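**Student:** Before we start, here is the structure in question, set down as structure tokens.
The values are calculated or read from the model by the stated rules, or taken from the named source; none is laboratory data. Since this is a predicted model, take the numbers as computed values, not measurements. Cβ placement follows ideal geometry from the backbone for every residue including glycine, while neighbour counts extend to all protein chains displayed. Accessible surface is based on the protein model in full, side chains and every heavy atom, while ligands, DNA and RNA are left aside. Shrake-Rupley method; radii C 1.70, N 1.55, O 1.52, S 1.80 Å.
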Amino acid sequence: MTPLLVVAASALTVGVGTPLALRRLHRLERWPTLTAWLWLATTLGALAAVALAGLLLLLPTGPLGSGVAELLRTCVMALRMALSTPHHSSAETVAGMLLLTAVAGGLLVGGPVVGLRTRRAAGRHRELLALAGRPATSLAGVTVLEHRRPFAYCLPGRLGPVVLSSATLHRLKADQLAAVLAHERAHQVGRHHRLVLLAQVLRIGFPWLPAARLAGKAVASLVELAADDAAARAHGRRQVAAALAALGDAPVPEAALGAAVVSATERVSRLLTPRQHGGALTLLAGVLLLALPIAAQLVVVALPLARVAGVPICPLG
């Protein structure tokens, strides 16, 4: 099997098969932050495989001239023979260009779109807080909005404001309120907004890639579980569960992370359910689902390159 076929198979496995398998490994929720990074690494690994396949298709075989250019042509020919890539043709050139364009274009589109959208949403909301919000009494860094629905969320940045509704202050008991604030502070300390933004960049830039589409929703859910766990370590799982139940599924504005986003019912059940053993094996399985295809493509490309490095007509070292 040629390196090109192995790389293509790796891209298909990591981009489609691995995320579908990760969705079924529910015990990965025991390590929400690690699992969020695993989802992001899966998407990035699939994109790297796609880009590598494009490069293999674009390896040139035409004459490059004389002198140094002729030496480079000889090296490229030796590389092509070692990697067993197809001979140069318009079809391979177009395919390679399309693959590389898809990866580069997705990054160039997704990054600015998400960055601009998030910056505008956060700016508008900060203006709203400046006009309608009021500092919470005896709660440093907390802004209160008058609203009859309970909600709690935080804006990006370690020093970003935590926003509570007046209904939240009236409904929650003191220990429950402390648990909610710990949840929001965990988002800020852990910089969970960055994970969510990266997942959004990949989702918007690469809607054709299943791993990118699934990672967007998975990461948003996992950072909430990570904040739940941080709050539970400080205030107890029952207090966090009670606070989530009181908040319900209240929506939060764009560019914010909130204690009641995703499904509050599922998170309450997770907090109150005793943890089962065997999660480490599930985490290992998740890592292997990503690592094995990536390792396979690296091996099949690196070994021929290592052999070519020793060819006398191609003094690469």
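**Student:** Would region 138-285 count as rounded, prolate or oblate if I go by the C-alpha gyration tensor, calling it rounded below 1.5 in a/c and otherwise prolate when a/b exceeds b/c, oblate otherwise? List each step's numbers first, then the result.
**Tutor:** Values: a/c = 1.94, a/b = 1.27, b/c = 1.52.
It comes out oblate by the Cα gyration axes.
**Student:** Please compute the modelled spin-label separation between residue 238 and residue 5, points set 7 Å along Cα→Cβ, answer in nm with one decimal.
**Tutor:** In this crude spin-label approximation the distance works out to 6.1 nm.
**Student:** When all C-alpha to C-alpha distances in region 102-152 are sorted into bins of 10 Å, what percent of pairs does each bin hold, rounded to whole numbers?
**Tutor:** Bins of 10 Å from zero give 20, 33, 22, 16, 8, 0 percent of pairs.
**Student:** If ligands, DNA and RNA are left out, what is the accessible area of residue 263 with a 1.4 Å probe, given in Å² to the nearest 10?
**Tutor:** Estimated to the nearest 10 Å², residue 263 gives 30 Å².
**Student:** Follow-up question, since we're still on this one. Projected onto the charge dipole of region 122-224 (+1 at Lys/Arg Cβ, -1 at Asp/Glu Cβ, origin at the Cα centre), which of 169, 145, 135 gives the Cα projection farthest towards the positive end?
**Tutor:** 145
**Student:** Sorted by accessible area (1.4 Å probe), largest first, how do 270, 171 line up?
**Tutor:** Solvent-accessible surface, decreasing: 171, 270.
**Student:** Of 217, 173, which has the most accessible area and how do the rest follow, probe 1.4 Å? Mind dumping the intermediate values first?
**Tutor:** Details: 217 165, 173 135 Å².
The residues order as 217, 173, largest area first.
**Student:** Could you compute how much accessible surface residue 213 exposes when probed at 1.4 Å, giving the result in Å² to the nearest 10?
**Tutor:** For residue 213, the solvent-accessible surface is approximately 120 Å².
**Student:** Would you work out if region 167-219 is rounded, prolate or oblate? Take a ≥ b ≥ c from the square roots of the eigenvalues of the alpha-carbon gyration tensor; rounded if a/c is under 1.5, else prolate when a/b is larger than b/c, oblate otherwise.
**Tutor:** Numbers: a/c = 4.37, a/b = 2.85, b/c = 1.53.
Prolate is the answer for region 167-219, as a/c is 1.5 or above and a/b outweighs b/c.
**Student:** At 1.4 Å probe size, with no ligands or nucleic acids counted, give the accessible surface of residue 151 in Å², nearest ten.
**Tutor:** Roll a 1.4 Å probe over it and residue 151 shows about 30 Å².
**Student:** Hey, what's the Kirkwood Rh for region 185-256 if you take every pair of different alpha carbons, in angstrom? Don't skip to the end; give the middle numbers.
**Tutor:** Working: mean 1/r = 0.0745 Å⁻¹.
By the Kirkwood definition, the hydrodynamic radius is 13.4 Å.
**Student:** How big is region 119-188 on each of its three principal axes, counting only the C-alpha atoms and giving the largest first in Å?
**Tutor:** Here the spans come out as 34, 25, 20 Å, largest first.
**Student:** From largest accessible area down, sort 30, 149, 119; use a 1.4 Å probe on the protein chains.
**Tutor:** Largest accessible area first, the residues go 119, 149, 30.
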